[in-house]
Amino acid sequence: MVGLSVGEKHFIQGGIAQDLRSDGRKRLTYRPIYVETGVIPQAHGSARIRLGATDVIASVKAELGKPSALQPDKGKIAIYVDCSPTAAPMFEGRGGEELSTELSVALQRCLLGGKSGSGSGIDPSSLVIVEGKVCWDLYIDGLVISSDGNLLDALGAAIKAALSNTGIPKVNVASETSGDEQPEVNISDEEFLQFDTSGIPVIVTLTKVGRHYIVDATSEEESQISSAISISINRKGHICGLTKRGGAGLDPSIILDMISVAKHVSEQLINKLDSEIAAAEANEEES
Amino acid sequence: MAAKPGSAPTTYSPSLTQKTRPPIFKGNDLDWVRPDGRGFHQCRPAFFRTGAVNSASGSAYAEFGNTKVIVSVFGPRESKKAMMYSDIGRLNCNVSYTTFATPVRGQGSDHKEFSSMLHKALEGAIMLETFPKTTVDVFALVLESGGSDLPVVISCASLALADAGIMMYDLVAAVSVSCLGKNLVIDPILEEESYQDGSLMLTCMPSRYEVTQLIFTGEWSTPDINEAMQLCLDACGKLGKVMRSCLKEATSASQE
């Protein structure tokens, strides 16, 4: 990763203690976010997010499938992340697998909620077509093209943008079906259903350096971390998932403090992201 | 394979908080009665035994109700990647399920992320600088999965590390809490985990009162978070005491 000399480490830590980071930001300021939607025409929805030098793409594809026997009235959603070797040479082959699994699991936890499906950002029961027989399987794939820290936040934002760009084709079900037969479905090419993405949470990663917290760490700052917490917060201010990353121990009162700071930051982030996504969609429609 | 006959099973149920919530009977199926008859804030009896595997540097076996886990620690051994010099030690963790651990054969492969979670939970507690250039391997095997698997694996692994003589800041105790509707249920079994609306897994070092790993799933409001964390920290403190008494028993038995 990044090799830093002792002098550089002190410089970063001292700057953070004085609320001035290496690129001039304050501790709780995000880098400028650029959103582009509809970057992958073959997918049902896609988005590309650039957060400083971090560049990620998320794509959403929906395929017809059968709901699981345990939850016949819900569709299925799967989230996978792939770290491409273009981001770092160590991601080639199986090198990036550990990081990919960690990111995939964290995103699944934040966006899909508990096992019973409650607390999920995306309502799985809106994906069902014929209960018990046919449902939509949603595959959300994230790709990391360039990594400069804060991958989880960028991927969370990219998935939110991709889902607001997603159009699921309308399905007409042939009405006469008996018992065990698979109903016939006609997938319409023209009409599309849009997702309601106001319930999707954003992910805020707070990194603790010394005694202060910073948001949106670059990879230089990330190499310094003692510990970090990634919190997924939705519009209502409820926590939808929390993962502690990094090895050092944290006092429980510090964790609660970090949660309240994250809530405060997430309000601004949600508003900023929504306006950027709306602007990107408007751009896409014009072109 | 349970505790010796005649000795009361040690348990680490946390103390009830001063303000107990009145039970909320909603009339629908949120009124949950635990299948094994425990109270909402009551944990399963915990059984630990060190020295389960003779050929390992250190090992431990843990049994919490139907969850049975065995952990072996090998090391410190010479690092395979001898080219990457590191002046602190390396920790390598692996968690695997036996094929007969789950009710449906072979379902344990869903939990590939447990290895990295175990690594994160333990690395904050081990003094890595005491064994530079070498690696400590921690191998965990889940013999039977009865719910709350990862917390049991973590607690058992830290006992195995203590048995191997690896220097640590403190033992690591782990507990998980499930949210079923409005109720917070500690130490869930497999059935409760499949119905849960949210879960919290917390690992901490009880004597230092530091949290090394914290994972929330599902939607939580802030008062619920506070209550759940307090419950877990309380239970971890008691679990730490149980683990210590197990280590003491093991050393006094070997001295005789």
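Taken together, the values in this text are just the output of simple stated rules run on the coordinates, not laboratory data. This structure is a prediction, so every number in the text was calculated from the model and none was measured. Here the Cβ positions follow ideal geometry from the backbone for every residue, glycine too, while neighbour counts run over all protein chains shown.
Taking other Cβ within 10 Å of each residue's Cβ, how do A:Ser147, B:Ser194 sort, fewest first?
Details: A:Ser147 23, B:Ser194 14.
In order of increasing Cβ crowding within 10 Å: B:Ser194, A:Ser147.
In a solvent-free Debye calculation with one equal scatterer on each Cα, what is log10 I(q)/I(0) for the stretch A:1-64 at q = 0.21 Å⁻¹, listed in the order of the q values? Cα-only, vacuum Debye calculation for the stretch A:1-64: -0.88.
The label point for A:Ser275 and the one for A:Arg235, both projected 7 Å from the Cα toward the Cβ, are 1.7 nm apart. If I fit a long axis through the Cα atoms of helix A:151-165 and take the longest principal axis of the Cα atoms of chain A, what angle between them do I get, 0 to 90°, rounded to 10? Between helix and principal axis, roughly 30 degrees. Rg then Dmax, both in Å and based on the Cα atoms of the stretch A:6-286: 20.3, 75. The value of relative contact order for chain B, using C-alpha pairs under 8 Å at least six residues apart, is 20 percent.
Neighbour counting of Cβ atoms within 10 Å sorts the residues B:Tyr85, B:Tyr61, fewest neighbours leading, into B:Tyr85, B:Tyr61. Compare B:Pro206, B:Pro35, B:Pro103 in a GNM of chain B, Cα atoms joined below 10 Å, and give the one with the largest fluctuation. Of B:Pro206, B:Pro35, B:Pro103, the most mobile in the Gaussian network model is B:Pro35. Relative to the dominant Cα principal axis of chain A, helix A:6-17 is inclined by about 70°.
Model label points for B:Tyr209 and A:Asn172, set 7 angstrom from Cα along the Cα-to-Cβ axis, are 6.8 nm apart.
Spacing of the modelled spin labels on B:Tyr85 and A:Glu63, each 7 Å from Cα toward Cβ, amounts to 5.0 nm. Using the Cβ-Cβ distance between A:Ser5 and A:Leu256 with R0 set to 41 Å, the FRET efficiency from 1/(1 + (r/R0)^6) comes to roughly 0.70.
Computed from phi, the 3J(HN,Hα) profile of the stretch B:210-223 under the Karplus parametrisation 6.51, -1.76, 1.60 (θ = phi - 60°) reads 10, 8, 9, 8, 8, 9, 10, 10, x, 8, 10, 9, 4, x Hz, with x in place of Gly and Pro. With no solvent and one equal point scatterer per Cα, compute the Debye intensity ratio I(q)/I(0) for the protein assembly as shown at 0.07, 0.08, 0.10 Å⁻¹ and report its log10, rounded to two decimals. At q = 0.07, 0.08, 0.10 Å⁻¹ the computed log10 ratios are -0.42, -0.56, -0.87.
In the elastic network of chain B, a GNM with C-alpha springs shorter than 10 Å, the most mobile of B:Phe64, B:Phe100, B:Phe40 is B:Phe100.
Per DSSP H run of at least 4 residues, take -39500 (n - 2.57); add these up for chain A, divide by its residues and hand me the 222 nm value, nearest 500 deg cm²/dmol. Present the calculation step by step, with values, prior to reporting the outcome.
Details: 5 runs with 82 residues, N = 287.
Calculated mean residue ellipticity at 222 nm is -9500 deg cm²/dmol.
Here's the picture: a label point sits 7 Å out from the Cα of A:Asp196 along the beta-carbon direction, and within the stretch A:121-136 the residues with their amide nitrogen under 19 Å of it are A:121-129, A:136. Database remark: amide H of B:Ser13 closer than 5 angstrom to the amide H of B:Cys43 (H placed geometrically; neighbours at sequence offset of 5 or more, or on other chains; Pro and chain starts carry no H). What separates the Cα centres of the stretch B:64-143 and the stretch A:196-219 is a distance of 29 Å.
When chain A is treated as a GNM, springs tying every alpha-carbon pair under 10 Å, which of A:Val39, A:Val173, A:Val204 comes out with the largest mean-square fluctuation? Taking springs between Cα atoms under 10 Å, the residue moving most is A:Val173.
Can you work out D for chain B in µm² s⁻¹ from Stokes-Einstein, where Rh is the Kirkwood radius over C-alpha pairs, the temperature is 10 °C and the viscosity is 1.306 mPa s? Write out the running numbers ahead of the final one.
Values: Rh = 18.9 Å.
My calculation gives 84 µm²/s for D.
For chain A, the relative contact order works out to 21 percent when only alpha carbon pairs closer than 8 Å and six or more residues apart are counted.
Here is the list for the stretch A:16-121: GluC sites (Glu not before Pro) lying in DSSP coil, each with at most 13 other C-beta atoms within 10 angstrom of its C-beta, are A:Glu92. Projecting the Cα atoms of A:Ile12, B:Gly51, A:Val60 onto the charge dipole of the protein assembly as shown (Cβ charges, centred on the Cα centre) puts B:Gly51 farthest toward the positive pole.
As a length-normalised measure over Cα pairs under 8 Å and 6 or more apart, the relative contact order of the stretch B:94-201 settles at 25 percent.
Could you work out [θ]222 nm for chain B from helices alone, using -39500 (n - 2.57) per DSSP H run of at least four and dividing by all its residues? Round to the nearest 500 deg cm²/dmol. Present the calculation step by step, with values, prior to reporting the outcome.
Numbers: 4 runs with 65 residues, N = 256.
Estimated from H runs of four or more residues: -8500 deg cm²/dmol.
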